[in-house]
Amino acid sequence: QVQLVESGGGLVQPGGSLRLSCAASGNIFSSNVMGWYRQAPGKGRELVATISSRGITNYGDSVKGRFTISRNNAENTAFLQMNSLKPEDTAVYYCYFFLLGVYWGQGTQVTVSS
């Protein structure tokens with residue numbers, strides 16, 4: 001089993017920045033993928049960004065150039081730096097962890113509004 005603890009999120013004005021973090025614990029092996037998906041009201045869950053333990057990244061089209069994902073393998077923690085936030089980035093952001101199966105964090109609300 002893998003446990004995920006998310007932090008960060010909150011309310012920010014358009015054009016602002018936020019940073020999310022996700023710490024994984026439990027039966028973790030060196031080769032895994034961490035990241036975030038998000039879900040806005042009335043919409044499906046969509047990819048935000050993922051990063052493998054080797055540092056290979058993948059971004060959703062709507063966040064490319066604005067969001068940056070990184071990780072600290074020694075601490076099994078991933079980070080999502082979100083810049084130039086837009087109202088359409090408002091959603092619940094779920095930490096994602098893949099290792100022989102998918103695990104999800106509890107979700108954290110990000111609201112972009114003036």
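The values are calculated or read from the model by the stated rules, or taken from the named source; none is laboratory data. Since this is a predicted model, take the numbers as computed values, not measurements. Methodologically, a virtual Cβ is constructed for each residue, glycine included, from the backbone with ideal geometry; neighbour enumeration extends over all protein chains shown. Please note that ligands, DNA and RNA were not included when accessible areas were found on the heavy atoms of the full protein model with its side chains. Shrake-Rupley method; radii C 1.70, N 1.55, O 1.52, S 1.80 Å.
Brief remarks on what is shown
- Taken as a whole, the condition of being open to solvent by 30 Å² or more (accessible area, probe 1.4 Å) and on the phi > 0 side of the Ramachandran plot applies to residue 65.
- Filter result for residue 11 (part of a strand (DSSP E or B), without any contact (Cβ under 8 Å) to a residue 40 or more places away in the chain, under 16 Å from residue 109 (Cα atoms) and open to solvent by 40 Å² or more (accessible area, probe 1.4 Å)): no
- Residue match in the range 13-23 (condition: of a type in the set (Ser, Thr, Tyr) and touching a Lys or Arg at 6+ places or on another chain (Cβ under 8 Å)): no
- Considering residues of the range 92-114 that are out of contact with any Ser or Thr (no Cβ under 9 Å at 6 or more places or on another chain) and farther than 13 Å from residue 8 by Cα only, the residue least open to solvent (accessible area, probe 1.4 Å): 97
- With respect to the conditions (1) in a loop (DSSP other than H, G, I, E, B); (2) open to solvent by 60 Å² or more (accessible area, probe 1.4 Å); (3) among the β-branched types (Val, Ile, Thr), residue 5 falls short on a single one, namely (1).
- The residues of the range 26-45 that are surrounded by 13 or more Cβ atoms within 10 Å (Cβ to Cβ) and either hydrophobic (A, V, I, L, M, F, W, C) or more than 11 Å from the chain's Cα centre (by Cα) (or both), listed by number, are 28, 32, 33, 34, 36, 39, 40, 45.
- Where strands (runs of 3 or more DSSP E) fall wholly inside the range 35-114, no range has 2 or more residues that are acidic (Asp, Glu), within 18 Å of residue 23 (Cβ to Cβ) and modelled with pLDDT of 95 or more.
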